[in-house]
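Asker: The structure is given below, and queries will be raised subsequently.
The values are calculated or read from the model by the stated rules, or taken from the named source; none is laboratory data. Remember, predicted model here, so these are calculated numbers, not experimental data. Every residue, glycine among them, receives a Cβ derived from its backbone with ideal geometry; neighbour counts consider all protein chains shown. Note: areas computed on protein heavy atoms with side chains; ligands, DNA, RNA excluded. Shrake-Rupley method; radii C 1.70, N 1.55, O 1.52, S 1.80 Å.
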Amino acid sequence: MLTTLAYRALINKESHTLDDLPDLLSPVGLSCLEELADRARIITRQRFGNTISLYAPLYISNICVNRCVYCGFNVTNHFPRVTLTLQQVEEEARALKEMGFAHVLLLTGEAPAAIPPGFIAAAVARVKSIVPQVSVEVYPMPQSDYEILVESGCDGVTVYQETYDRTVYAAVHRAGPKQDYDLRYRTPIAAAMAGMRSVGLGFLLGLAPHTQEMLALAKHGREVLQADWRVRLAFSFPRLRPHEGGFLPEHPVSDKELAQMIFILRLLFHDAELVLSTRESPQIRDGMLPLGITRMSAGSSTQPGG
């Protein structure tokens, strides 16, 4: 167990590697949050200045064939399933542009038969003609399909592993193509090799102990950079919230633990985007603004056409 003095010395190292991560995740760090926050703030200011990028999610379909116990899109949940037309996608994008957004994230459930890669590429092209930055958070695709998305103007891909614990992964993904852990793990690497400018990673906070998840996340990030060093990584911190399926996380993450995770990733990945969503309260979001976070979602609606 690290002492507080040793932890503070670790924070102030000139540079940090993955070997430092287990010690940085030590519970003693919760008593050194001010020092961690200050170091994260300095690095963020050096690399990103005083800017925060806002993006708006645009759900183009809520059809999904998976049975993920934590997700409201679960195929067993009964509610109206909708897929927007390309014209409707364009209308949504124009509405977001009028609200001031310059970055739109297109999202779908996992149903390639209903929302094929070609449709997603066409949606990207439509939205790209309206706003300067377009990213996607959709089902895993092969490298060849990501290359088509890049040609269509896609700037980034986000693929959460959801959990890096294989046992938990199998338990919460009960049916559907998302049961394939290894395919999902390889997907961000395929996106990087396809020439995607930004690749986003993350796990759902609450499914497994966050310390072991953080170790795996950082390793995953390094592997993506090894595939293409030019990629800008983005790490997200989605905490599980109640939803229609009534799932309750077994390993809830406190506000202090969330802050520690964000600060630590800034120490390890100076140039990565750190992303906070509207899952968090305004107080948390405002408090994290100068301390490592560089991108936030806003104006969210999970209903296609919303």
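Asker: Quick one: in the range 244-295, which of the residues that are without any contact (Cβ under 8 Å) to a residue 40 or more places away in the chain and in a loop (DSSP other than H, G, I, E, B) is surrounded by the fewest Cβ atoms within 10 Å (Cβ to Cβ)?
Answerer: Looking at residues that are without any contact (Cβ under 8 Å) to a residue 40 or more places away in the chain and in a loop (DSSP other than H, G, I, E, B), I get G246.
Asker: Quick check, is A191 at pLDDT 95 or above, hydrophobic (A, V, I, L, M, F, W, C) and part of a helix (DSSP H, G or I)?
Answerer: So A191 fits the description; yes.
Asker: Still on this structure, please answer the following. Check whether at least one residue in the range 215-225 is open to solvent by 10 Å² or more (accessible area, probe 1.4 Å), touching a Ser or Thr at 6+ places or on another chain (Cβ under 6 Å) and either part of a helix (DSSP H, G or I) or among the basic types (K, R) (or both), and report yes or no.
Answerer: Checked against the condition, which is being open to solvent by 10 Å² or more (accessible area, probe 1.4 Å), touching a Ser or Thr at 6+ places or on another chain (Cβ under 6 Å) and either part of a helix (DSSP H, G or I) or among the basic types (K, R) (or both), the range 215-225 yields no hits at all.
Asker: Can you spot a residue in the range 114-129 that is among the hydroxyl-bearing types (S, T, Y) and under 17 Å from G200 (Cβ atoms)?
Answerer: Within the range 114-129, none of the residues are among the hydroxyl-bearing types (S, T, Y) and under 17 Å from G200 (Cβ atoms).
Asker: Of the conditions (1) surrounded by fewer than 22 Cβ atoms within 10 Å (Cβ to Cβ); (2) under 21 Å from the mean Cα position of the chain (by Cα); (3) in contact (Cβ under 8 Å) with a residue 60 or more places away in the chain, G176 fails just one. Which one is it?
Answerer: (2)
Asker: Any idea which of V104, V168, V65 is touching a residue at least 24 places away in the same chain (Cβ under 8 Å), assigned to a helix (DSSP H, G or I) and out of contact with any Lys or Arg (no Cβ under 7 Å at 6 or more places or on another chain)?
Answerer: When all the criteria are applied, what remains is V168.
Asker: Restricting the range 37-62 to residues that are part of a helix (DSSP H, G or I) and under 22 Å from the mean Cα position of the chain (by Cα), which is farthest from A234 (Cα to Cα)?
Answerer: A37
Asker: Same structure again: Kindly indicate which of M141, M196 is within 19 Å of F269 (Cα to Cα), at pLDDT 95 or above and part of a loop (DSSP other than H, G, I, E, B).
Answerer: M196
Asker: With the checklist (1) within 21 Å of the chain's Cα centre (by Cα); (2) at pLDDT below 90 in hand, flag the one item V75 doesn't pass.
Answerer: V75 satisfies every listed condition except (1).
Asker: Does any residue of the range 142-149 turn out to be free of Cβ contacts under 8 Å to residues at least 60 places away in the same chain and open to solvent by less than 10 Å² (accessible area, probe 1.4 Å)?
Answerer: yes
Asker: Which residues, counting only those in the range 102-141, are surrounded by fewer than 21 Cβ atoms within 10 Å (Cβ to Cβ) and among the polar types (S, T, N, Q)?
Answerer: Within the range 102-141, S129, Q133 meet the criteria.
Asker: For the range 1-60, name all the residues that are touching a Lys or Arg at 6+ places or on another chain (Cβ under 7 Å), open to solvent by less than 20 Å² (accessible area, probe 1.4 Å) and among the small types (G, A, S).
Answerer: Within the range 1-60, just A40 meets the criteria.
Asker: Which condition number in (1) exposed (fewer than 14 other Cβ atoms within 10 Å of the Cβ); (2) modelled with pLDDT under 95 is the one that Y70 fails?
Answerer: Among (1) exposed (fewer than 14 other Cβ atoms within 10 Å of the Cβ); (2) modelled with pLDDT under 95, the lone unmet condition for Y70 is (1).
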